[in-house]
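First comes the structure, then the notes that go with it.
The values are calculated or read from the model by the stated rules, or taken from the named source; none is laboratory data. Predicted model only: the values in this text are computed from it and were never measured. Cβ sites come from the backbone with ideal geometry, for glycine too, and all protein chains shown count toward neighbours.
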Amino acid sequence: MNSNVDLQGHDFQLIPFGSGRRGCPAMQLGLTTVRLALGNLVHCFNWELPTGMLPKDLDMTEKFGLSLSKAKHLLAMLTHRL
C-alpha cells in the first residue's frame, strides 16, 4: 500500500468509530459500576453448589456466538452473609 498514513501514530484516519476522541465518555463509569456490582455479590453472599451436586458434575462446555458463553447455565446457591 502506498500511503502516507502512519500506522503507529496518531493519524485519525484509522481510528474506528467508538474509540479515540469519539469514544464513549461514560465507558469508564460503566466498567467501574460492573466491577462494583460484582464485588458486592462476591462479598455479600456465600456461593455453593446446589444440594447433591459435585464440582466434577459442572458442565463447563462453551457455546460459540457473538460472545463466548456457557452451553448450560451454571447453578449456585446463595446465602446472605451476616
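Summary of values
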| read-out | value |
| --- | --- |
| Evaluation of Leu74 against (1) at pLDDT 95 or above; (2) surrounded by fewer than 10 Cβ atoms within 10 Å (Cβ to Cβ); (3) not β-branched (Val, Ile, Thr) (one fails), failing number | (1) |
| Residues (assigned to a helix (DSSP H, G or I), surrounded by 10 or more Cβ atoms within 10 Å (Cβ to Cβ) and either modelled with pLDDT of 90 or more or out of contact with any Pro (no Cβ under 9 Å at 6 or more places or on another chain) (or both)) located in the stretch 15-28 | Gly20, Met27, Gln28 |
| Enumeration of residues in the stretch 29-56 that are more than 17 Å from the chain's Cα centre (by Cα), surrounded by 10 or more Cβ atoms within 10 Å (Cβ to Cβ) and free of Cβ contacts under 8 Å to residues at least 24 places away in the same chain | Met53 |
